[in-house]
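This is the structure I have questions about; it appears just below.
The values are calculated or read from the model by the stated rules, or taken from the named source; none is laboratory data. Bear in mind that the values here come from a model prediction, so they are computed numbers and not experimental data. So basically every Cβ, Gly included, is an ideal-geometry build from the backbone, and we count neighbours across all protein chains shown. We work out accessible area using only protein heavy atoms, side chains counted, and drop any ligands, DNA or RNA first. Shrake-Rupley method; radii C 1.70, N 1.55, O 1.52, S 1.80 Å.
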Amino acid sequence: MRHRLLSSLSLPLMLAPAVAVAEVPSVAVDIPPVHSLVARVMGELGSPDLVIQSGASPHGYSMRPSEARALSDADVMFFVSDELTPWLAKARASLAADADAVELMEVPGTLHLTYREGPTFEAHHHADEASSAHGEEHDKHGGHDEHHGDHDEHHEAHADDDEHHDEHGHDGENPHGWLDPVNAHTWLGAIAESLAAQDPEHAATYRSNAQAGQQELEALTESLSARLAQVQGTRYIVFHDAYQYFEHRFDVPASGAISLGDASTPSPARVKEIQARVKQDDIQCVFREPQYNPALIESVFEGTGVKTSIVFEPLGVGLPLGETLYPQLIERLGQGILRCADA
């Protein structure tokens with residue numbers, strides 16, 4: 001009797017029409033920090049495809065077949081800006097022309113800063129104040145003006161030559177905007193709305209995940225601000241001017257950037273110039289980046305007394321890919337400054 005009852009109950013279910021389940025959009029992203037933000041919004045619904053692998057320079061990159069395929073299959077493409085990845089604009093046009101392309105630096109409310117002056121930005125304090133005022137003005141208006149100058153041409157000329165890219169100064173907008181967690185907070189909302197438009201059935205989930213991610217970033221920003229407020233005035237040098245958004249947000253400006261190429265030994269005159277600058281400004285630390293030869297760094301700064309063991313990089317190299325990468329990256333940068341202050 002029991003088996004007959006179960007059979008009679010299950011028969012209507014078998015005959016009922018199947019309920020259509022909405023497909024989650026196929027999503028492609030440019031760099032690991034953006035992948036992390038998008039993964040936070042998508043949650044258990046899916047995972048974005050990364051076009052530029054961890055550790056690779058976004059300024060010039062040759063996609064693997066699997067990455068080109070991910071781009072061509074994408075319903076939505078999230079990327080920082082054409083200034084950061086000029087080569088990607090052509091790839092999007094040819095492989096993902098029908099995808100919804102979301103340029104995060106164009107999201108209303110995003111803070112924009114301009115590059116500081118020269119490879120060592122000698123006029124650092126003046127330039128930083130000008131950049132800060134420029135960024136705050138942009139923040140108020142939720143957009144930015146056309147102060148790009150010849151920045152695109154500069155990147156195009158050096159897209160496949162990272163050494164030259166880092167050895168030359170920059171003009172126009174600094175595209176490393178993800179290093180300001182307040183920008184990332186804004187982007188989480190924009191990512192959720194873009195995905196909700198593509199997939200209305202899961203809109204509430206995207207928005208809820210974004211809100212939770214925003215609350216996490218608010219807590220991280222508040223905590224890190226309190227800790228870094230105790231070490232303002234720490235004197236450090238970075239290898240290239242990629243960290244301005246982080247410096248601006250937490251009021252921990254770098255003393256300069258030296259932009260050494262990692263494949264050639266700098267001239268004796270260049271070494272002398274750098275060492276003099278270190279002594280003049282009583283520099284405590286020179287932050288290294290993974291792509292630079294440690295032996296080269298040691299040879300340049302030998303005898304200066306500065307700490308050279310702290311890694312400072314903008315893309316989350318070495319961190320597990322996923323939704324935790326972004327907050328871990330911001331925390332790691334903060335820890336680098338705190339360690340330098342104790343040097």
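Which one of GLU193, GLU216, GLU247, GLU201 is among the acidic types (Asp, Glu) and within 20 Å of MET77 (Cβ to Cβ)?
The match here is GLU193.
Would you check if ALA257 is touching a residue at least 12 places away in the same chain (Cβ under 8 Å), open to solvent by 50 Å² or more (accessible area, probe 1.4 Å) and in contact with a strand residue (DSSP E or B) (Cβ under 7 Å, 6 or more places away or on another chain)?
When the stated conditions are applied, ALA257 does not pass them.
Which of the following residues is closer than 30 Å to LEU45 by Cβ and touching a residue at least 60 places away in the same chain (Cβ under 8 Å): LEU319, LEU338, LEU228?
On inspection, the qualifying residue turns out to be LEU319.
The rows are residues; the columns are (1) within 30 Å of ALA343 (Cβ to Cβ); (2) in contact with a helix residue (DSSP H, G or I) (Cβ under 9 Å, 6 or more places away or on another chain); (3) open to solvent by 30 Å² or more (accessible area, probe 1.4 Å).
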{"residue": "ALA192", "(1), (2), (3)": "no, yes, no"}
{"residue": "ASP199", "(1), (2), (3)": "no, yes, no"}
{"residue": "ARG207", "(1), (2), (3)": "no, yes, yes"}
{"residue": "ALA210", "(1), (2), (3)": "no, yes, no"}
{"residue": "LEU217", "(1), (2), (3)": "yes, yes, no"}
{"residue": "GLY233", "(1), (2), (3)": "yes, yes, yes"}
{"residue": "GLN244", "(1), (2), (3)": "yes, yes, no"}
{"residue": "PHE250", "(1), (2), (3)": "yes, yes, no"}
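Would you call ILE274 more than 24 Å from GLY334 (Cα to Cα) and modelled with pLDDT of 80 or more?
yes
Which of the residues spanning the range 32-46 are over 17 Å from ILE330 (Cα atoms) and either touching a residue at least 12 places away in the same chain (Cβ under 8 Å) or out of contact with any helix residue (DSSP H, G or I) (no Cβ under 9 Å at 6 or more places or on another chain) (or both)?
VAL41, MET42, GLY43, LEU45, GLY46
Any residue in the range 267-281 that is surrounded by 18 or more Cβ atoms within 10 Å (Cβ to Cβ) and touching an Asp or Glu at 6+ places or on another chain (Cβ under 9 Å)?
No, the conditions are met nowhere in the range 267-281.
Could you run through the range 298-309 and say how many residues are crowded, with 19+ Cβ neighbours inside 10 Å and either at pLDDT 85 or above or touching a strand residue (DSSP E or B) at 6+ places or on another chain (Cβ under 6 Å) (or both)?
2
THR304: among the hydroxyl-bearing types (Ser, Thr, Tyr), farther than 23 Å from LEU228 by Cα and out of contact with any Gly (no Cβ under 8 Å at 6 or more places or on another chain), yes or no?
yes
Give the residues of the range 310-331 that are open to solvent by 20 Å² or more (accessible area, probe 1.4 Å) and in contact with a strand residue (DSSP E or B) (Cβ under 8 Å, 6 or more places away or on another chain), sorted by residue number.
VAL311, LEU321
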